[in-house]
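Shown next, in structure tokens, is the structure this report addresses.
Values quoted throughout were computed directly from the atomic coordinates according to the rules given, and no laboratory measurement underlies them. All figures in this text were calculated on a predicted structure; none of them were measured in a lab. So basically every Cβ, Gly included, is an ideal-geometry build from the backbone, and we count neighbours across all protein chains shown.
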Amino acid sequence: MNALLYIIIGLLAGIPTGIVAGRFLLRKLFKDQEISAQNKVKKILKDAENDAEILRKNKLLEAKERFLQMKAEHEQEINAKNNEINQRTNEVKQKEQSYNSRLENITRKETELDNAKKNVERQSDILVKKQEDVDALKNQHVEQLESIAGLSAEDAKNQLIDNLREDARAKAMAQIKDIVDEAKLTATKEAKKIVIQTIQRTATESAIENTVSIFNIENDEIKGRIIGREGRNIRALEAATGIEIIVDDTPEAIILSGFDPVRREIARLAMHRLVTDGRIHPARIEEIVAKTKKQIEEEIVEIGERTVIDLGITGLHPELIRMVGRMRYRSSYGQNLLQHSREVANFCATMAAELGLNVKLAKRAGLLHDIGKVPDDNPELPHAILGMQLAEKYKEHPEVCNAIGAHHDEVEMTSMLSPIIQVCDAISGARPGARREVVESYIKRLKELEELAMSYPGVEKTFAIQAGRELRVVVESEKISDAESEILAADISNRIQTEMTYPGQIKVTVIRETRAVAFAK
């Protein structure tokens, strides 16, 4: 126990001594580290000073080299400028010498002109004196001629002027007549050439449209399914499509009758889907007809887009494109309206190119000229006026709008495109096989033409020729003069325009013949 106490006392006595010794050792260690750090700092500072000196010397050398290079470039530029200045100075000196020589020449010429002017003045004085002598002699001769002829000089001059004026007028009228005849001959020849080239260069098919479509079926049992119980299916079809469906004894066929080709096509496709599906009842009929209408509308837009792409027409309003597509399901006198419009567009492009006009506008107006036949509203307006209003509504070019409205003379033509559209429309409609007419109505129209002309007094015979496109009227020469023949032709053409309906145009020719008969006995 005493030993442990002694040990504790010894440890307590040694702790202060250890602390003092430790502090002494730590101070010495810190001092050594401080000395080492100061030495390192001095070394780093010395190295940095050496590096800075080397860098300063390098930069100084680079600056000297750059200065020498810039000095050399500057001296070179100064030398070039000096050479240019010397060259310009030499050129100025040469021009100055040239101007001095020209000035000397001008001064010399001025002196010569002054001398010549003085000579001319002297000659002029001499000429004036001679002219006075000539005038005196002339007056003397005129007085002698007046006394001999009994006419004054003024009267003789007037008579001479009148005679020369009459001769000049006669010659001018003869030349004008020759020029007019030649111009008419040349113009007619050129017009025929352009029309013939247009027709020959545009070859299209003829499409005949009817008011009846035929739906073919595999057997007559399907007719009963289409009719349905107590006819409910067929009534639902007619109500949904607006088309009259005729189911008669015609074998393996059902007739779809209606004036709207779009509705007939919808009815035909809907019946085909119903027969293929096999489920035919009123609810299914309404569903299929609605889907078919949507499909037809999409096809109409696709047809319109394909048409304008084929013709190279751009920037057309989407509604006009849709109307162009609807032309596929319209007809005019049996001629498919879209085919007719495409044909007119190609005709117009050819003619415009031959005449040096705007081909794109001509093609655009040709395609849209019958656009007024497509809408079902505004039936009281002529299709040309309605088409012009639609074109104006969708911001078409003014020349295109006027060509559409004027192609049947409803409005005045204000551009060169308008008569081209009118002519091309007539060419397309007048082609053999382009349009179809019922024989009875055709014969009736010809008889109406002849009877209309025969109603005028003095008309002896009438002949409707060229498939009703020309009316020849033979008149009695004793009752109608040549001037009255022209008036008669105009009157007949005006009555035909106001009282008759016909495709294209009709030419009225009045023939008056005078015969002188004598007998030798």
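The packing ranking of peptides 283-293, 415-425, highest mean first, is 415-425, 283-293, where packing means the average number of other beta carbon atoms within 10 angstrom of each residue. Under a Cβ-Cβ cut-off of 12 Å, what is the net charge of the residues other than Leu449 that fall near it, where Lys and Arg count +1 and Asp and Glu count -1? Residues near Leu449 contribute +2 overall. With the convex hull constructed from alpha-carbon coordinates only, the stretch 264-376 shows a mean projected area of 8.3 nm² over all directions. Rounded to the nearest 0.05, what FRET efficiency is calculated for Asn119 and Gln140 with R0 set to 22 Å and r the Cβ-Cβ distance? Computed FRET efficiency for Asn119 and Gln140: 0.10. Which log10 I(q)/I(0) values does the stretch 245-321 give at q = 0.18 Å⁻¹ under the Debye formula, counting every alpha carbon as one identical point scatterer? The Cα Debye sum returns log10 ratios of -0.82. Each 10 Å bin from zero up to the one holding the largest Cα-Cα distance in the stretch 50-96 carries the following percent of pairs: 24, 24, 19, 14, 11, 6, 2.
Computed over Cα pairs, the Kirkwood radius of the stretch 107-146 leads via Stokes-Einstein (1.306 mPa s, 10 °C) to a diffusion coefficient of 130 µm² per second. Count Lys and Arg as plus one, Asp and Glu as minus one, and take only other residues whose Cβ is under 12 Å from that of Thr462; the net charge is then -2. Between the stretch 387-427 and the stretch 338-366, the alpha-carbon centres lie 12 Å apart.
Label-to-label distance for Ser455 and Glu499 is 0.2 nm, based on points extended 7 Å past Cα in the beta-carbon direction.
Using the Cα coordinates of the stretch 458-505, the gyration tensor eigenvalues translate into equivalent-ellipsoid semi-axes of 21, 13, 8 Å, sorted from longest to shortest. On a per residue basis, the convex hull of the C-alpha atoms belonging to the stretch 309-370 measures out at 75 Å³.
With the simple model of a label 7 Å out from the Cα in the direction of the Cβ, Asn163 to Glu297 spans 8.9 nm. Here is the link list: Lys57/Lys81; Lys294/Lys373; Lys42/Lys64; Lys71/Lys93. Which ones come out longer than 25 Å on Cα distance? Where the Cα-Cα span goes over 25 Å, the pairs concerned are Lys57/Lys81; Lys42/Lys64; Lys71/Lys93.
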